[in-house]
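Q: The following block contains the structure, expressed as structure tokens.
The values are calculated or read from the model by the stated rules, or taken from the named source; none is laboratory data. If you're wondering where the values come from, they're calculated on a predicted model, not measured in any experiment. Glycine gets a Cβ as well: all are built from the backbone with ideal geometry, and neighbour counts include every protein chain shown. With ligands, DNA and RNA removed, areas are computed over all heavy atoms of the protein, side chains included. Shrake-Rupley method; radii C 1.70, N 1.55, O 1.52, S 1.80 Å.
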Amino acid sequence: MTESDNVEISRRRLLGTVGAAGAAGLVIGAAGGAGIAGAVSGGDSGSAAGAGGPQALTTVGATEVRFHGKHQAGITTPLQSRGHLIAFDLAPGAGRKEAVALMRRWSATAKELMAGKPPAEDTGIALDAGPSSLTVTFGFGRTFFDRTGLVPLRPSELDPLPAFSSDALDPRRSEGDLWVQIGADDALVAFHALRALQKDAGDAARVRWQMNGFNRSAGATAKPMTARNLMGQVDGTGNPKPTDADFDRRIFVPSGASGVREWMADGSYAVVRRIRMLLDDWEKLPLDRQEKVIGRRKSDGAPLTGGSETTELDLNKLGPDGKAVIPDNAHSRISAPEQNGGAAMLRRPFSFHDGIGPDGTPDAGLLFVCWQADPLRGFVPVQRKLDRGDALSTFIRHESSGLFAVPGGPAEGEYVGQRLLES
């Protein structure tokens, strides 16, 4: 199934949403739903508008992402403007039987919500709204296999991540038996899904932690642009593109996976990190220092060696002083795939702001989510190298971490995780 197959526009819902916008609105909505490749590769404003251009606000709610497909939604789906990350632990005494029932409920609810339909006993939070690019993505943590008696089917890719010197992890906000990622282009639609899934958990699972995030809203920029993070930096340049010949190999477990990994065919592994940005310290740096920390111009994301945002880094270029134009400890240099044996991951984050701390500093930063076929070949080697000398490390703090196995998308009539739970 192609990416365009994974996103469908509901003509009936679109016409009902656009109203007086008429045929022009229909064209805009259809173009907006087709921009997956541009958004994933970092060329989108953080919405479903994609390469087709910014959407009129009246069409934002019309975009529907399919629940069923080769891969789960929310991985290559264009960045949404609102998001929730939530982890659950199975309740004491709950096991495989309860997990099966829960995943059935969650899958049924997610399918309805993603189609813009209210579930049973609906709260009415999102009445009048369309699907708004809602995606719900489910994953399993390492401890899930212990709780359900499925340890023999736990893949080695779920082995604990190594410790990094820059970590200041809070175990209460890390890991979990089950993980859910919710994204939408409307805040009420996203919250509606969060409440519905939390209610569905019932007595089977309890919330371990929850984090709320955001990105730039659809139509906020005059043209599609890579999103910026809370440091003001263009964030997402150099992401693998679905059009890359090796994209699937790097991001997804092969379709023909066998043995322990068979149930993970067409799935991916998500590394989730809450990264607090020390914004007061960062904003004290003059612009040229900020740019040297990153190795890119702040204005447009282009390398300090010249060109545009998509120009390759010239890591060998020297300045008049004989020093590398992109410093040896610049974030972009250290994290570049060519500096890490080709290691690549698909970054799909949300920003967060959870208020002002007792010391008067903002509790804000990045809900980092990255996807790869194998974390030991994607996230781990890059983070190890960053941990040893990244200039950006002075201005960030990793406060929580999680690793989750996200199985392939369910076929029609299946629920997420069925191939694991009914093995």
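Q: Taking a ≥ b ≥ c as the square roots of the eigenvalues of the Cα gyration tensor of the stretch 175-268, is the shape rounded (a/c under 1.5), prolate (a/b larger than b/c) or oblate? Can you show the working numbers first?
A: Working: a/c = 2.35, a/b = 1.05, b/c = 2.23.
Oblate.
Q: With a 1.4 Å probe and all protein chains left in place, how much accessible area per residue does the stretch 105-249 have, in Å²?
A: In whole numbers, the stretch 105-249 has 44 Å² accessible per residue.
Q: Answer rounded, prolate or oblate for the stretch 272-346, using the Cα gyration tensor with square roots of eigenvalues a ≥ b ≥ c: rounded when a/c is under 1.5, else prolate when a/b is larger than b/c, else oblate.
A: Because a/c hits 1.5 or more and a/b fails to exceed b/c, the stretch 272-346 counts as oblate.
Q: Here's another thing I want to ask about it. Under a GNM of the chain (C-alpha, springs under 10 Å), which listed residue has the highest mean-square fluctuation: LEU346, LEU318, LEU127?
A: Top of the fluctuation ranking is LEU318.
Q: Same structure again: Want the number for ARG66 to ASP288: 0.36 nm per residue separation, take away the alpha-carbon distance, what's left?
A: Extra length available between ARG66 and ASP288 comes to 75.5 nm.
Q: On to the next question. Going by amide H atoms built from the backbone, whose H comes under 5 Å of the H on ILE396, apart from near neighbours?
A: The list, which skips near neighbours in sequence, is LEU278.
Q: Let me ask something else about it. Quickly work out the ARG172-to-ARG195 label distance, labels modelled 7 Å from Cα along the C-beta direction, and quote it in nm with one decimal.
A: Computed distance between label sites ARG195 and ARG172 equals 2.6 nm.
Q: So what's the back-of-envelope 222 nm ellipticity for the chain, counting only DSSP H runs of four-plus at -39500 (n - 2.57) apiece and dividing by all residues, rounded to 500? Kindly include the intermediate steps, with their values, before the conclusion.
A: On the way: 13 runs with 108 residues, N = 423.
Dividing the helical sum by the residues of the chain leaves -7000 deg cm²/dmol.
Q: If you don't mind, there's one more thing I want to ask. Springs between alpha-carbon atoms under 10 Å, Gaussian network over the chain: tell me which of PRO224, PRO358, PRO337 tops the mean-square fluctuations.
A: PRO358
Q: Averaging over every viewing direction, what projected area does the convex hull of the Cα atoms of the stretch 267-412 cover, in nm²?
A: On the way: hull surface 44.9 nm².
Projected area, direction-averaged: 11.2 nm².
Q: Here is a further query. Classify the stretch 351-390 as rounded, prolate or oblate, taking a ≥ b ≥ c as the square roots of the eigenvalues of its Cα gyration tensor: rounded when a/c is under 1.5, otherwise prolate if a/b is larger than b/c and oblate if not.
A: Judged from the Cα gyration tensor, the stretch 351-390 comes out oblate (a/c at least 1.5, b/c at or above a/b).
Q: Roughly how many percent of the accessible protein surface of the chain is carbon and sulfur, given a 1.4 Å probe and a whole-percent answer?
A: Numbers: 9110 of 17490 Å².
That fraction is 52 percent.
Q: Distance in nm between label sites at LYS298 and LYS241, each 7 Å beyond Cα in the beta-carbon direction?
A: Spacing of the two 7 Å Cα→Cβ label points: 2.9 nm.
Q: Sticking with this structure for a sec: Please work out how much length the chain gains when fully extended from LYS223 to GLN339, using 0.36 nm per residue of separation minus the C-alpha to C-alpha distance, in nm with one decimal.
A: Details: separation 116, 0.36 × 116 = 41.76 nm, distance 3.19 nm.
My answer for the length gained is 38.6 nm.
Q: Still on this structure: Obtain the nm distance between the two label points defined at ASP203 and VAL151 by a simple spin-label model: each point lies 7 Å from its Cα along the Cα-to-C-beta direction.
A: Here the modelled spin labels are 2.8 nm apart.
Q: Write down the accessible area per residue of the stretch 274-423 in Å², having rolled a 1.4 Å probe over the full set of protein chains.
A: Normalised by residue count, the accessible surface of the stretch 274-423 is 43 Å².
Q: Ranking request for peptides 397-406, 129-138: highest mean number of other beta-carbon atoms within 10 Å first, then the rest in descending order. Display every interim value, and only then the final one.
A: On the way: 397-406: 22.3, 129-138: 26.3.
Order by mean packing, descending: 129-138, 397-406.
Q: Let me ask another. Calculate the length of the line joining the C-alpha centroid of the stretch 157-209 to that of the stretch 312-332, in whole Å.
A: Comparing the Cα centres of the stretch 157-209 and the stretch 312-332, I get a distance of 39 Å.
Q: Under 16 Å from a point 7 Å along the Cα-to-Cβ line of ARG96: which residues of the stretch 387-423 have their amide N that close?
A: 417-423
Q: Can you spot the lysines whose alpha carbon is less than 20 Å from LYS298's alpha carbon? Ignore those fewer than 8 places along the same chain.
A: Straight-distance partners of LYS298: LYS223, LYS284, LYS317.
Q: Report the rotationally averaged projected area of the chain based on its alpha-carbon convex hull, in square nanometres.
A: Details: hull surface 83.2 nm².
For the Cα atoms of the chain, the hull's average projected area reads 20.8 nm².
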